[in-house]
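Right, one structure below, let's go through it.
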Amino acid sequence: MEVDPMGLVPLPSTSSSDDQAMLVDPSPSQLDTTALVPFVRVSTDKLTVSYTGSGTGEYDVGAVRADRPVPGGRMAYYFEMLVKNSGEKGCVAIGFGHENYNLRRQPGWDIDSCGYHGDDGRLFTAEGGYGKPFGPTFSTGDTVGAGINYASKEFFFTKNGKLVGNVRLDIKGPLYPLVALHSPNEEIYVNFGQQPLLFSFEAFMLEERLKQQALIQKSSLPPNACHRIIRSYLLHYGYQDTVDAFEKESEICCQPTTVEDEQDGYALNHRKILREHIKKGEIGLVFDKLREWYPQVVENETSAVCFLLHSQKFIGYVRDIFGLLAYSDPTTSCTWYQLGMCHPEFVADAVNVMVLSTNPNLKNPKNCAASRLEKLLRQVTVCSSENGDRAVFDLHPELWNGSKI
């Protein structure tokens, strides 16, 4: 759903779930040839790099970054580098760095970068000195890889399909994949996934998902947390009868009333009555009640909530007259969304939000646009997308057992 310009009344979304699924960051696909240093040559495939310098000076490094930063919205990212020729000294390296990283420096030599180096097997993390012992050296014929595990907030490196190790670093993003060369005759080929990876990245991802799910299962919840959040949802939308039945059947002792409880229960009986009138198509009575109880809600006839109510009133006429004339079975028509019961519920939710916003004790009326349960689900979904991927927490399978909606 979207919201009106005031941020209170929810409006129908103009994008489908499939459209939203497409709104993901693209992955790197080739090397960036727009910012090359004099010591490297990138082939026309934009994946093969060879060193053309003498390699005698500290700043004679030839580093090349990917064309795009590491994408977010997933649990991990990984790419590989085949050492076609380790040259005279084998000073090839793989790692990550920020967009403006000095490409005349090896990854890990400067801040906001890290790199696994082939000549000594050390890991450099911008801490100065000679790096730290990390793994085996690598040379001609070896395939090394570098990845970021967003779930554990670690960088990891591989050699010839096996995990070498990982390190937890606080490096500012966005980060770009980096490769570097520093001695004559060195040549490498970068694999961003256009070829099968030597390291079983899918198996690695599955293992990490299972770890995250295990951590979730071990997490404890406050006493009666589910009861309270379900109750708050029912109160928020004015389902008074359901709240009473829920309280009776749950047999949970009443908890101390909080400020949030009072906000959710504000004008509960009024909101219940308004919802019932809307569901029955009695829009005229809804306007009468709003003018009597909450005149500020309908004082502007061009507001979103007034438009929705007038639209629902018109739809009621269409449902009773035109729908029966135009369709032998209105329930199967393309307009049934408006003619059926879904749209009245949507309008009732909008009116409900506007009534909640009149609570004089609210510090920010926009906070009542969604229930605490909805806010929680959104937060979990966003956190999962930013720090992992949807496989850790995918709302649709959790609610519909994987069925499409």
TRP293 accessible area, assembled protein chains, probe 1.4 Å, Å²: 60
Of LYS280/LYS363; LYS289/LYS363; LYS153/LYS375, pairs whose Cα-Cα distance is over 29 Å: LYS280/LYS363
Under the Karplus curve 6.51 cos²θ - 1.76 cosθ + 1.60, θ = phi - 60°, whole-Hz ³J(HN,Hα) for the stretch 230-247, x wherever Gly or Pro sits: 5, 4, 5, 5, 5, 5, 4, 9, x, 7, 5, 4, 5, 4, 4, 5, 5, 4
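Report the local net charge at THR258: Lys and Arg +1, Asp and Glu -1, summed over other residues whose C-beta lies under 15 Å from its C-beta. Working shown, then result.
Values: positive: ARG228, ARG231, LYS363, ARG372; negative: GLU260, ASP261, GLU262, ASP264.
So the environment of THR258 carries a net charge of 0.
Per 0.36 nm of contour for each residue apart, how much would the distance between ASP110 and ASN361 grow if the chain were fully extended, relative to their Cα-Cα spacing?
Details: separation 251, 0.36 × 251 = 90.36 nm, distance 5.23 nm.
Length gained between ASP110 and ASN361: 85.1 nm.
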LYS84/ASP244 FRET efficiency (R0 60 Å; Cβ-Cβ; nearest 0.05): 0.25
Relative packing of peptides 308-314, 298-304, 197-203 - highest average C-beta neighbours within 10 Å first: 308-314, 197-203, 298-304
Magnitude of the charge dipole, the stretch 70-129, Cβ model with Lys/Arg +1 and Asp/Glu -1, debye to 20: 140
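Based on the mean of other Cβ atoms within 10 Å per residue, sort peptides 50-57, 93-100 so the most packed one is first.
Numbers: 50-57: 16.4, 93-100: 22.6.
Highest mean packing first, the order is 93-100, 50-57.
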Cβ crowding within 10 Å averaged over residues, with 82-91, 225-234 ranked highest first: 82-91, 225-234
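On the protein heavy atoms, probe 1.4 angstrom, tell me the percent of accessible surface of the stretch 37-89 carried by carbon and sulfur.
Working: 980 of 2190 Å².
Roughly 45 percent, rounded to a whole number.
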Förster radius 56 Å - calculated FRET efficiency between ARG291 and LEU215 (Cβ-Cβ, nearest 0.05): 0.60
With every protein chain in place, the stretch 116-175: carbon and sulfur % of accessible area (1.4 Å): 49
Accessible area per residue, Å², the stretch 153-259 with all protein chains present, probe 1.4 Å: 60
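Report the gain in length on full extension from LEU206 to ASP120: 0.36 nm times residue separation, minus Cα-Cα distance, nm rounded to one decimal. Spell out each step's value before the answer.
Details: separation 86, 0.36 × 86 = 30.96 nm, distance 3.16 nm.
Taking LEU206 through ASP120 to full extension adds about 27.8 nm, to one decimal.
Can you figure out the FRET efficiency of VAL167 with ALA225, using R₀ = 35 Å and their beta-carbon distance, to the nearest 0.05?
It comes out at approximately 0.45.
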Net charge, PRO26 excluded, C-beta distance under 11 Å - Lys, Arg +1, Asp, Glu -1: -1
Pair LEU376, LYS280: separation of 7 Å Cα→Cβ label points (nm): 3.4
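The values are calculated or read from the model by the stated rules, or taken from the named source; none is laboratory data. The structure displayed is predicted, hence computed values, not measured ones. Please note: Cβ atoms are built from the backbone with ideal geometry, for glycine as well, and neighbour counts cover all protein chains shown. Note: areas computed on protein heavy atoms with side chains; ligands, DNA, RNA excluded. Shrake-Rupley method; radii C 1.70, N 1.55, O 1.52, S 1.80 Å.
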